[in-house]
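Just below is one structure, and these are the notes that go with it.
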Protein chains: 4
Amino acid sequence: MRVGFVGLGRMGAAIAGRVADAGFDLTVWNRTPGRTGDLLDRGAQEAGVLGEVCPGRDVAITMVADDDALREVALGPDGIAQTLGPGGVHVAMGTHGVTAIAQVADAHAQAGQSLVAAPVLGRPDVAASGGLGIVAAGPAAAVERVRPLLDAIGRHTFEAGERPESATAIKLANNFVLGCAIEALAEAFALGRRYDVDPAILYEVLTEGLFSAPAFKVYGQIIVDEDYDRVGFTTSLALKDIELTMAAASAAAVPLPSGSALRDRLLAAIAQGDGERDWAVLGREQARASGLEQPTSSKA
Amino acid sequence: MRVGFVGLGRMGAAIAGRVADAGFDLTVWNRTPGRTGDLLDRGAQEAGVLGEVCPGRDVAITMVADDDALREVALGPDGIAQTLGPGGVHVAMGTHGVTAIAQVADAHAQAGQSLVAAPVLGRPDVAASGGLGIVAAGPAAAVERVRPLLDAIGRHTFEAGERPESATAIKLANNFVLGCAIEALAEAFALGRRYDVDPAILYEVLTEGLFSAPAFKVYGQIIVDEDYDRVGFTTSLALKDIELTMAAASAAAVPLPSGSALRDRLLAAIAQGDGERDWAVLGREQARASGLEQPTSSKA
Amino acid sequence: MRVGFVGLGRMGAAIAGRVADAGFDLTVWNRTPGRTGDLLDRGAQEAGVLGEVCPGRDVAITMVADDDALREVALGPDGIAQTLGPGGVHVAMGTHGVTAIAQVADAHAQAGQSLVAAPVLGRPDVAASGGLGIVAAGPAAAVERVRPLLDAIGRHTFEAGERPESATAIKLANNFVLGCAIEALAEAFALGRRYDVDPAILYEVLTEGLFSAPAFKVYGQIIVDEDYDRVGFTTSLALKDIELTMAAASAAAVPLPSGSALRDRLLAAIAQGDGERDWAVLGREQARASGLEQPTSSKA
Amino acid sequence: MRVGFVGLGRMGAAIAGRVADAGFDLTVWNRTPGRTGDLLDRGAQEAGVLGEVCPGRDVAITMVADDDALREVALGPDGIAQTLGPGGVHVAMGTHGVTAIAQVADAHAQAGQSLVAAPVLGRPDVAASGGLGIVAAGPAAAVERVRPLLDAIGRHTFEAGERPESATAIKLANNFVLGCAIEALAEAFALGRRYDVDPAILYEVLTEGLFSAPAFKVYGQIIVDEDYDRVGFTTSLALKDIELTMAAASAAAVPLPSGSALRDRLLAAIAQGDGERDWAVLGREQARASGLEQPTSSKA
């Protein structure tokens, strides 16, 4: 299988490395040059321009930052829909909105190609060691065809049906539940502080019992330590994610009241200058709203 | 140690059984008679009236349904504060509000006694086999004194400091985070359904990864199965619990926006006639609000 | 008609003055003595103790601060239910919760008496000049009987049916809509500030058009002027009111999402030390949450 | 002054009529042809294509449906920025988002032109009789220059400063406060119904007092009459408006909790099939959530 790969950020580079190591014939490209790292040593070739990535390839993989970037590389001049050729499969592995995914799927269908939405679960370091979860949805034959590729990339592929937006919705839902968990933790710790609760004890009660899961252990610990500058995922990126979720919900007429509460707190945190801190900083924002803490900044 | 025990509901009876089996000298009482089960065979004596439970006892344990019941058995005529004697310790193991706990603690302090708030984590069947978690807070000497008793009852005691309300706040916070988790799940599953997501796949993605914890496995499964008549904890009781949390938050000037979203959905579920179903029925209520489901009842 | 009057705060005293001036035989009482002002000169007598207010009277009017006070004067020893005599009517003019009103109505019914809930619309200075609106509900015969009294007190009586809680609900709903209006204004002004909108222009647009009403003119002006120390109604009292509304809604299974948003902001304002400022200070709290303003205090 | 006018929907046609009647040299155009009504009789000329509207004109007025339409007529090939000529002023009178307005303003600035954002307050019938309020913001010289035109169109122009987004924000804020008012009314009426309150009485209390303003009289009456098919503004359009507001708030890091509550109820109403009813149908949606009413549809 011949593979074109677009998007060599940290996650993209890690995934492309898995593809190269598995022996696939791989051509990579990134808008900003100089991001191939050791990929060429591991067997990949580099395309000079976007238009050279897909001709003659069976599969195009994209891991790009947002919907605008996806539309550009998929639908633009010299984009994937134009250059991949009939029968090709585009595997979109970024976190995108349902509207963009549907739009790109339509364009590929018109070009006799298929879109498989295949967002991933896990961070770049996990990706490099093959530990990613992958949620894949798209036409059954297309998913079947790229399965060897997905198997080479991650530890497990969750098959989410024939409609690419289904995979998108699952990925968004997963991040949504995580955001709601962090916000609930933030509120719980603020309530505790007002009643002289040692945060470490509350953490222990929660994570030894009903909430003995990574979401609560990782983010609860950051809140306990108030260690918001150890950034896994920024508040600003989290807001972007949640906005995608709210947009998907809005398009489908699904009210998400917990999501609204989460979004409002993310905005307040950003308004206080915490946009580039880890989104567990909701713990601090909730403390502020409870009169337990000073803001770090005034007029933003 | 001589122990008086008030409140033989399912949870109270299970705990009293642990106390009896551990060989403590135990007198039990329940407002509604005929609830001693096999406790007398296991060595307990039964008091005929409330006023006979505490005289001559070192410790009184209560496991009663709500704050009114607690005030009555602790502060009323022939109540614990009046009959336990100086130096006695009242261990309140029910889920109560911070105001009631503070009020009862004051009354005991004035009578030369101590209150240890010691709410439990777990269900009655877990209690019977000694698997409860216990969150205990109160004067250090009092906690120290009742430690053998708590050790006999549960698997682990989380020590939450000298202020009884701290234990209360932890217990309320734990249930609060659980409620928020269920509501977030409910919203996530509704969003998924609108995008043709198989609920079982979403469940798998969530519970294999960030949310591999009992809260998500138990309640996620009920939502997937729409098995709301398998009742662990009713929506009406959940509302009662959350109202205690909101009241504690209000008294301490802590806004809880996720709690507000949760409370509003619980009310809507109750308005639809689902008050006696398991509170995972938030999944159905969220589906209704998303136009995915008919209500089960009209004018309540 | 012989009238007993309990509760001589600012509003009570103003109403009692209207009753005295209209020539009714009036006995007044207040828990804290020395509040009769010029009422005795205007023809009222003062009772020495609560138990002397109602014997031999046709009607008892109460204007007391909260539900606890109402229960005490109505249901306590020497209270109105005990001393008013069969056929008597208790007109409760304070702002109370639906549960307390129902409880007091029951007690009066058992004593062969009637409760008319008759909360008022307007402030004490308006009351003194007879400008109050009154919302009255209770058994038709009882309302009919006290009509001359209500006519003497206010400018208009809105008849709200036979169930006293109906009047309570209307009064609470009125304050609820006001609170929501203030919160919406607070949010709108914060949004405007971020886009360099002159608050005075936004005020003008709103109050010249769709919102040309006292609620928006009065509270909008306070927000424009940031004149939160000119206190009409404190944030803490507003919270108390909204808690009554939320409790009424909870008892009736009515979710109030706007009310939840309002309540959360009131709590945040109180957490920042603004509890004794006018509740238009929601404008400042919203500005804080938007990063436009420093808090006035830290740890409360 | 020579004027080009783009967008002849109901509102656009009414405004163009005012411009024609005031004697300005007017060329009109609408994407869908056949919408000139009697404008040609009143002195206007019709352009055959967009590119013919602006050449040689001093001012271009747009009244188009949404941001996409605005971008197309302003920024597209043959669009206003390209054809109006240096020194020209574009008066954008539709309700747009802050991002689109900023983008269009930039394009005009680069072409040596000015954008005046001038959204209107009022409905088409009000527009026809010259009763519109206009909120205008943009470079002072440009606003000054188009003042005679604005005077001919509306009853009053609120000047909102030099930044076009300020006018946008005011218009969005006005609609936002209206939406919040309707939602608050919806909640209040549902609460009342649960306590047997006659909606007409609650309406009277509200609109005779603190809320004696068009927003409450118009929408309160629709809720009282449950006359949701008398459509002034549809729920779907209201959602579109509120999404613009939420996006403006998000871009400026302003949390809008009342707006979130409103948005969630609009979505729920749309999910129930009420998207094309008047947005006062929030009254019905709130009744549904309170168990007072059946949904009108199931799976959407």
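Only residues that are more than 12 Å from chain C (Cβ to nearest Cβ) and in contact (Cβ under 8 Å) with a residue 60 or more places away in the chain: list them for region D:106-136, please. Answer for region D:106-136, where residues must be more than 12 Å from chain C (Cβ to nearest Cβ) and in contact (Cβ under 8 Å) with a residue 60 or more places away in the chain: D:124, D:125, D:127, D:128, D:130. Out of D:215, D:188, D:252, one residue alone is surrounded by fewer than 24 Cβ atoms within 10 Å (Cβ to Cβ) and not acidic (Asp, Glu). It is D:252.
Could you tell me whether any residue of region B:234-245 is within 14 Å of chain D (Cβ to nearest Cβ), touching a strand residue (DSSP E or B) at 6+ places or on another chain (Cβ under 8 Å), at pLDDT 95 or above and buried (at least 19 other Cβ atoms within 10 Å of the Cβ)? Yes - at least one qualifying residue is present in region B:234-245. All of (1) more than 7 Å from every other protein chain (Cβ to nearest Cβ); (2) surrounded by 24 or more Cβ atoms within 10 Å (Cβ to Cβ); (3) of a type outside the set (Phe, Trp, Tyr); (4) in contact with a Ser or Thr (Cβ under 6 Å, 6 or more places away or on another chain) hold for residue B:223 with one exception: (4).
Inspect all residues belonging to region B:36-53 and state whether any of them is in contact with a Ser or Thr (Cβ under 8 Å, 6 or more places away or on another chain) and within 18 Å of residue B:142 (Cβ to Cβ). No - not one qualifying residue is present in region B:36-53.
Here residue C:163 fulfils each of the conditions (1) closer than 12 Å to residue D:177 by Cβ; (2) out of contact with any helix residue (DSSP H, G or I) (no Cβ under 8 Å at 6 or more places or on another chain) apart from (1). Would you pick out the residues in region C:278-290 that are under 20 Å from residue C:259 (Cβ atoms) and part of a helix (DSSP H, G or I)? Of everything in region C:278-290, those that are under 20 Å from residue C:259 (Cβ atoms) and part of a helix (DSSP H, G or I) turn out to be C:279, C:280, C:281, C:282, C:283, C:285, C:286, C:289. With respect to the conditions (1) more than 7 Å from chain A (Cβ to nearest Cβ); (2) surrounded by fewer than 24 Cβ atoms within 10 Å (Cβ to Cβ), residue B:196 lacks only one, and its number is (1).
If you go through region D:105-117 one residue at a time, do you hit one that is on the phi > 0 side of the Ramachandran plot, assigned by TED's automatic domain parsing to the domain that holds residue D:84, buried (at least 18 other Cβ atoms within 10 Å of the Cβ) and touching a Ser or Thr at 6+ places or on another chain (Cβ under 8 Å)? Taking every residue of region D:105-117 in turn, none turns out to be on the phi > 0 side of the Ramachandran plot, assigned by TED's automatic domain parsing to the domain that holds residue D:84, buried (at least 18 other Cβ atoms within 10 Å of the Cβ) and touching a Ser or Thr at 6+ places or on another chain (Cβ under 8 Å). Tell me yes or no: at least one residue of region B:256-277 is assigned to a loop (DSSP other than H, G, I, E, B), buried (at least 24 other Cβ atoms within 10 Å of the Cβ), facing another protein chain (nearest Cβ under 7 Å) and small (Gly, Ala, Ser). Scanning region B:256-277 turns up no residue that is assigned to a loop (DSSP other than H, G, I, E, B), buried (at least 24 other Cβ atoms within 10 Å of the Cβ), facing another protein chain (nearest Cβ under 7 Å) and small (Gly, Ala, Ser). Of the numbered criteria (1) more than 13 Å from residue A:201 (Cα to Cα); (2) surrounded by fewer than 24 Cβ atoms within 10 Å (Cβ to Cβ); (3) of a type in the set (A, V, I, L, M, F, W, C), the one residue B:158 fails is (1). From the list C:39, C:26, the lone residue that is in a strand (DSSP E or B), among the hydrophobic types (A, V, I, L, M, F, W, C) and either without any contact (Cβ under 8 Å) to a residue 40 or more places away in the chain or outside the structural domain of residue C:133 (by TED's automatic domain parsing) (or both) is C:26.
The values are calculated or read from the model by the stated rules, or taken from the named source; none is laboratory data. Remember, predicted model here, so these are calculated numbers, not experimental data. Neighbour counts are summed over all protein chains in view; Cβ atoms, including those assigned to glycine, are modelled from backbone coordinates with ideal geometry.
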